[in-house]
Amino acid sequence: MEKDGRPNWDNPMQFFLACVSYAVGLGNVWRFPYLCQMHGGGGFLIPYLIMLFLEGVPLFYLELAIGQKMRLGSIGAWTAISPYLGGVGLASVVTSLYLCLYYNIINAWSFWYLFHSFQAVLPWAECPINSNRTGPIEECEKATSTQYFFYRETLDISSSIEVNGGIHTGQALCLVLAWLITYLFIVQGVKSTGKVVYFTATFPYVVLFIYLIRGITLHGAVNGVKYMFTPKMEQLANPTTWINAATQIFFSLGLGFGSLIAFSSYNQYNNNFERQAIIISLINSGTSIFASIVTFSIYGFKATVNYENCLEKIRILLLNTFNLAEDTITLDNVYEWVLNNLILHNGSKSHFPVMNFVSDLFQAVEGTGLAFIVYSEAIKNMPLSPAWSVLYFIMLLLLGMGSMLGNVTAIITPLRDFKIISFSVLTAGLVCLFCLLLGLGFTTPSGNYWFTMFNDYGATFSLLFIVLIEVIAVSYIYGIKRFEKDIQDMLGWRPNLYWRIMWLVISPLLLIALFIFYIIKYIQGGTPTYQAWNKELGKSEVLDYPVFGQVFIGLLLVSSISCVPLTALYAFCKKRKHGNHHNAAADPKINITHSNL
C-alpha cells in the first residue's frame, strides 16, 4: 500500500493479467470471426491491423497513463483534470453499469450449458419426443435440436418483446451463481482480483489451444481455415469493412468504460505502462485471430458434415426412386447421378434437397448464435462430445468472468474513492446485489429481447462519445505538452512522435468519423428492429420495436451521454455561485444589501 493509503497490485504481472483478462473476452470468440466471415476472410485482417495502430494502441496507452498518474477511478481522474470533465467519468460508470446488468446473463447461460454437459448424451444432440410419443416436438423438428435447446429450454423465449411471463427458475439460479462468484472475485479489491486473474487470463488459452488441435484434425476443418485465409481483396474498397475494423478494435480493447483507468490507478507510480499497453493490445488482437482459426475449423467441419448429410439423403432418395442396389451410388458419384437424373427427369428437380457447401460456410453468425448454437451443433457431432462441451463452456465462463472483473471494478473504484460507503466489502456487495436484482428481468421469456436492446444500444454510441471527449480533453484542454511531462515524470522519457500524432490528429479524426457514421446509420435505419423467435416457423423473424421499446432505446442513448454536459453545467453553476459568495464577502455594500433582504 502506498503512502496515500491506496492499495497496489502485488506486482506488475497482476495488473498485466488483469488487463488481458478484461480485454480478451467473449467478443474475441464470437464477434471477430463473424467480421472475418462478412468481410472477405483474411482480407479483413489488413484494415483490422491498421486500425489497431491508428486507434487501438494509442487510446489504450492514454487511458492507462491517466489512471496511473491520477491514482483515481474514472470520475475522480477526470475531475482532477478539470471539474468540467467529471461527467466523462460519470458517463463511463453509467455505461459500465448497463454492461454489468446484461453481461452476466451470458455467464448464467454458460453455467446452464455447463451443468447440462455432464450427461452421456448432450440434451441438444437430438430433439425431445412430443407428449403423444409419436415423433419429435414440432418446434424442434422445424428448427434444429441446438436451436430448440437454446430458445426453448434455456430461454423459454416468448414470441415478442411485448409478451412476457415469469422468471425462469433455472436461469435465475445460474445468474445468482454468476453474481456470487463475481462478488467473491472482487470483494477485496485488487488483493482478491490480483489472485484470480492468474487463472482467468491464462486457462482460456489452454482450452483454445486444445480446441485448435482438435479443430484442425476434424473432418473438413481445412475447408474452413482455407476460407478464412483466402482474402477477398475487393472488400478493401468497401467503407463498411474499415468502419467495422475500427469499431471492433475499439470495443475489443474495452476503451471508455473506465475499467482501464481503474486498473492502472492501483499501479506503482513508475510502472512501465507504455510497454504493457503495446503488448496487451497485440495479445488481444492475436487472440482474436487465434480464436478465428479455431472457429473457422469448426465452421469447416460443420459445413462438411451438413453437406455430406445432404448428399446421403439424395443418395438414399435416388436408390429408392430407381430401385437400385445399395452400392450402386456412393457419396463420390452421387452428384453425377443427380445431374443425369435432372436431365432425364427435369420435372422432379424439386424432390432433391438444396445443398450448397460454400453458402453454408459463408452463413455469418455472431453473438449468442455462434457461441450457443453453432458451436453446440459442432460439439454434438464430435466423439466424446460431453468432454468437449465441458471444456468449451468453462472457457466461455472464464472469458466472461474475466471481463466482469473489469466492468464491476469500473463502478466500485469511484465509489471507494469518494468513500460513499465506508466498508469496501459492503460496497462490492451492494453493487453486485443491485445488478443481480435488475438482471433478473433478463431471465423472463422476453428477457432475451431486452438483452439484445442493451447489447445494441447500451454502450456502442456512448462509448464513442466518451473516448472522443477523452482524447480531445487530454490533447487540447489538459494540454499535450503537460500530458507528455506527466508521462516523463512516471516513465523517465517523453512519448515519441508516433504517440503525439495519434493523440493530436489521427485518433480524434477516426473517432469523429465513426461517431458521425453511427448517427447517420441510426437516422437512416428507420424504426429499430430485433430478431424474434417464431416457434411455429422454427426460426427467427424481424420485428419492429414497439413504442415503449423505442423510448427505452432513446433513454439508453441519452442517459450516459447527458452526464457530460450536465456535470459541466453543474460545475459551472457551482463555480459561479462560489464566485458570487466570494465577491459578496469582499464587498461591504453587497453584504449590507443581502442582510436587508
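Some notes on this structure:
- For N8, the residues whose modelled amide H falls within less than 5 Å of its own, excluding neighbours fewer than 5 places apart on the same chain, are E2.
- Signed unit charges on C-beta, dipole axis of the chain, positive-most listed residue L180, L155, Q531: L180
- Full-stretch length increase - T529, L555 - with 0.36 nm per residue and alpha-carbon distance subtracted: 7.7 nm
- H578, H39, reordered so the largest accessible area comes first (probe 1.4 Å): H578, H39
- At the residue level, D10 shows approximately 80 square angstrom of accessible surface with a 1.4 angstrom probe and all protein chains present.
- Think of a 1.4 Å ball rolled over the protein heavy atoms: the range 466-578 then has 57 Å² of accessible area per residue.
- Per residue, the chain reaches -21000 deg cm²/dmol at 222 nm when only DSSP H runs of four or more residues are counted, each adding -39500 (n - 2.57).
- Ranked by the mean number of other Cβ atoms within 10 Å of their residues, highest first, the peptides 252-263, 283-294, 64-75 fall in the order 252-263, 64-75, 283-294.
- Of the peptides 449-456, 93-100, the order by per-residue mean of other Cβ atoms within 10 Å, starting with the highest, comes out as 93-100, 449-456.
- Percent accessible area from carbon and sulfur atoms, the chain, protein chains only, probe 1.4 Å: 65
- Label separation (Q488 vs F434): 4.2 nm, computed from points 7 Å beyond Cα along the C-beta direction.
- Theoretical gain in end-to-end length, Y522 to H219 [0.36 nm per residue, Cα-Cα removed]: 104.8 nm
- Within the shell defined by Cβ-Cβ distances under 15 Å, the residues around G479 carry a net charge of +2, with Lys and Arg each +1 and Asp and Glu each -1.
- Gyration tensor (alpha-carbon) shape descriptor, the range 220-265, a/c threshold 1.5: oblate
- Cα centroid separation - the range 399-448 against the range 505-579, whole Å: 22
- Hz values of 3J(HN,Hα) by residue in the range 502-508 - Karplus curve (6.51, -1.76, 1.60), Gly and Pro given as x: 4, 5, 7, 10, 5, 4, x
- Highest average first, the peptides 19-32, 199-212 ordered by how many other beta carbon atoms sit within 10 Å of their residues are 19-32, 199-212.
- Rounded to the nearest 10 square angstrom, K535 shows an accessible area of 100 square angstrom against a 1.4 Å probe.
- Given charges at beta-carbon only (K, R positive; D, E negative), |dipole| of the chain in Debye: 2040
- Here r is the Cβ-Cβ distance between Y498 and Y198 and R0 is 35 Å; the resulting FRET efficiency, rounded to 0.05, is 0.60.
- Rounded to the nearest whole Hz, the Karplus-based 3J(HN,Hα) values (6.51 cos²θ - 1.76 cosθ + 1.60, θ = phi - 60°) of the range 141-153 follow the sequence 5, 6, 9, 9, 5, 6, 5, 4, 5, 6, 6, 9, 6, with x at glycine and proline.
- From the coordinates of this entry, percent of Cα pairs over 49 Å apart is computed, and it appears in (i) 44; (ii) 18; (iii) 21 under the label (ii).
- Distant-in-sequence amide H partners of H168 (H built 1.01 Å from N, under 5 Å): T444
- Span from the the range 230-254 Cα centroid across to the the range 59-77 one, whole angstrom: 28
- Taking the range 55-77 and a reference point 7 angstrom along Cα→Cβ of K574, the backbone N atoms nearer than 14 Å belong to 75-77.
The values are calculated or read from the model by the stated rules, or taken from the named source; none is laboratory data. Everything quoted here is computed from the prediction, not taken from an experiment. Counting neighbours? That spans all protein chains shown, and the Cβs are built from the backbone with ideal geometry, glycine included. Just the protein is used for accessible areas: all its heavy atoms, side chains included, with ligands, DNA and RNA removed. Shrake-Rupley method; radii C 1.70, N 1.55, O 1.52, S 1.80 Å.
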